[in-house]
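Read the structure below first, then the notes.
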Amino acid sequence: MPPLDAKPNEIESYWLPFTANRSFKKRPRLISGAKDMHFHTPDGRKVLDATSGLYCVNAGHCREPIVKAIQEAAGRLDYAPAFQFATPEVFQLSSQLALLAPGDLDHVLFANSGSEAVETAMKVALSYHKIRGEGARTRFIGRERGYHGVCFGGISVGGMVNNRKAFGNMIGGVDHLPTTYNRAKQAYAVGEPDWGAETAEDLVKLIGLHDASNIAAVIVEPVAGSTGCIPPPKGYLERLRQITEQHGILLIFDEVITGFGRIGGAFSAERFGVVPDMITFAKGVTNGAVPMSGVMVRKGIYDAHMTGPDYAVELFHGFTYSGHPLAVAAGLATLRLYKDEGLFERARGLEKPFADAMMSLKGLPHVADIRPIGMMCGIDLESVPGKVGARGYDALERAFFEHDLYIRLATDTLVTAPPLIVSESQIGEMRDRIAALLRALA
Ligand SMILES: Cc1ncc(COP(=O)(O)O)c(C=O)c1O
């Protein structure tokens, strides 16, 4: 091994994910610390975090109880094998998650990223049908503009074209529902729009085309996040539930963004009053401090797998780091913090002032639509003709360098989703900085 300082520290080696690398490397946006509502930069600036990192830091940054829990766990047990062994704490976290999940979604499989959670849920759906003698149920139905991570199952059921177009055939046997978004019919709706539940009827058409006996599951984000925050139309999720239930098709809610207080309750299923068969989660479960994700599974799905000799593995699936001790410690401390500070309830209380602040951006230069729901909001900007994404990128750079604001970008859509500890005056600050930024954009 060569001496590790043999090569000078340089900017080239790191290939940044989901990033315009060449632009970034000309003018790097560096973050060196964080506390509560702010990132800290190496040049000493405090940058207001308007999107909870990547929608994960729901309790704010570097919260002491979580930091301490991770430190304690790291000194006590660095790793325990995830297969055939477990720590006492992983049962504690599983029980708490089962308590928080709706209906009888009372079993949990752990993974490390949202993408892995999605692959896990898809595999469980296949395995469940096979065990029950319905092995022909292999087709999946996703939705246009859906985001379910970056692995092959997830991009197959996902519907964001840039995430799919370079990667060949993906997995076969996948169809997509139409997006529920229609600007002409829904622009500037606050919360769930009135128009759009009828788009769920396309599921009936797909069942007519393939026959329900060939369909394993439908997977949707209750609120589409990464595409730019698209709330579900009134009655839409209920209709998906009715149709799937009627035809023995599993319904998977991908709550990687919408979980842990972002939209309401521990899972947005609670707010929308719809109980799916599986829920994928990640991000907020550890407040972003240690990677962790998982799938909440209905009791019947777990029970169906508990067959065969009792020495035999029931599901040939899992990850080296499923239920990692550091992630579990972070998860337990995070859930306790959410509870102790009443952050889910706090978020519901802030929903109106947050929506009012975001909606007050209507009429500012380039704004084409605003979509708040819960503590998340998409702000569509008109694209520069022939240069889709250029205005959004300009906004991202200016926000960071000129307005001390971190904001998430989806092409030409800005998305705000602040930590749930945000104060009303900080919501006002966010709004004012976005307004100033919009006025400065070309
Ligand atoms: C709904 C949804 N599913 C899956 C993922 C993938 O998560 P990860 O980036 O942790 O793989 C994301 C990430 O934003 C997401 O929003």
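Out of residues 5 or more away from Leu405 or on other chains, whose amide H comes under 5 Å of its own, with H placed 1.01 Å from N in the peptide plane?
For Leu405, whose amide H was placed from the backbone, the distant partners under 5 Å are Leu48, Phe400.
Please list 3J(HN,Hα) in residue order for the stretch 215-223, calculated via the Karplus relation 6.51 cos²θ - 1.76 cosθ + 1.60 where θ = phi - 60°; whole Hz, with x for glycine and proline.
10, 7, 7, 10, 10, 9, 7, x, 10
Run the numbers on the stretch 121-163 and let me know its relative contact order in percent, using alpha-carbon pairs under 8 Å that are six or more apart.
Here the relative contact order equals 28 percent.
Between the stretch 254-298 and the stretch 129-159, what is the separation of their alpha carbon centroids in Å?
What the calculation gives is 18 Å, centre to centre.
Less than 15 Å apart at the alpha-carbon level, and either on another chain or at least 8 residues along: which aspartates and glutamates does that give for Lys283?
Here the aspartates and glutamates satisfying the reach criterion relative to Lys283 are Glu116, Glu221, Asp254, Glu255.
Given contacts defined as C-alpha pairs under 8 Å and at least six residues apart, what's the relative contact order of the stretch 317-442, whole-number percent?
After rounding, I find 23 percent.
Using DSSP H assignments, which helices in the chain have an axial alpha-carbon span of 20 Å or above and a mean Kyte-Doolittle hydropathy of 0.5 or higher?
Correct list, ordered by number: 325-340.
Note down the net charge around Ala50, summing +1 for each Lys or Arg and -1 for each Asp or Glu among other residues with Cβ under 9 Å from its Cβ.
After counting each charged neighbour, the total is +1.
Considering the zone a paramagnetic label at Ala390 would reach in this model (a point 7 Å from Cα along the Cα-to-Cβ line), which residues of the stretch 414-442 have amide N under 12 Å from it?
The answer is 442, whose backbone nitrogens lie closer than 12 Å to the label point.
Pick from Ala125, Ala187, Ala69 the residue whose mean-square fluctuation is largest in a GNM of the chain, springs joining Cα atoms under 10 Å.
The residue that fluctuates most here is Ala187.
For the stretch 67-340, what proportion of DSSP beta bridges, expressed in % and rounded to the nearest 5, is antiparallel?
In the stretch 67-340, approximately 40 percent of DSSP beta bridges are antiparallel ones.
Relative contact order for the stretch 67-340: what is it in percent, counting Cα pairs under 8 Å that are at least 6 residues apart?
The normalised contact order for the stretch 67-340 reaches 28 percent.
If you take the alpha carbon radius of gyration of the stretch 1-147 and divide it by 2.2 N^0.38 Å, what ratio comes out, to two decimals?
1.46
Return, ordered by residue number, the residues of the stretch 51-86 whose backbone nitrogen is under 13 Å from a label point located 7 Å along Cα→Cβ of Lys35.
Residues 61-64 qualify, since their backbone N sits under 13 Å from the label point.
Quote the charge dipole size of the chain about the Cα centre in Debye, to the nearest 20; the model charges only the Cβ of Lys and Arg (+1) and of Asp and Glu (-1).
Dipole magnitude for the chain comes out near 880 debye.
Spelling out what I want: for every residue of the stretch 7-22, take phi, set θ = phi - 60°, compute 6.51 cos²θ - 1.76 cosθ + 1.60 (Karplus), and round to whole Hz; glycine and proline get x.
Each residue's phi maps through the Karplus curve to give 10, x, 4, 9, 8, 6, 4, 7, 9, 6, x, 6, 9, 7, 4, 5 Hz.
Extension gain Ala20-Ala440, at 0.36 nm per residue separation less the Cα-Cα distance, in nm?
149.0 nm
Picking from Arg183, Arg241, Arg139, which is most flexible by a Gaussian network model of the chain using Cα springs under 10 Å?
Fluctuation is largest for Arg183.
Taking the chain on its own, what percent of its Cα-Cα pair distances exceed 43 Å?
Of all Cα-Cα pairs in the chain, 12 percent lie more than 43 Å apart.
Rule-based calculations on the coordinates, nothing more; no lab input. The structure displayed is predicted, hence computed values, not measured ones. No Cβ is skipped: glycine too gets one built from the backbone with ideal geometry, and neighbour counts run over all protein chains shown.
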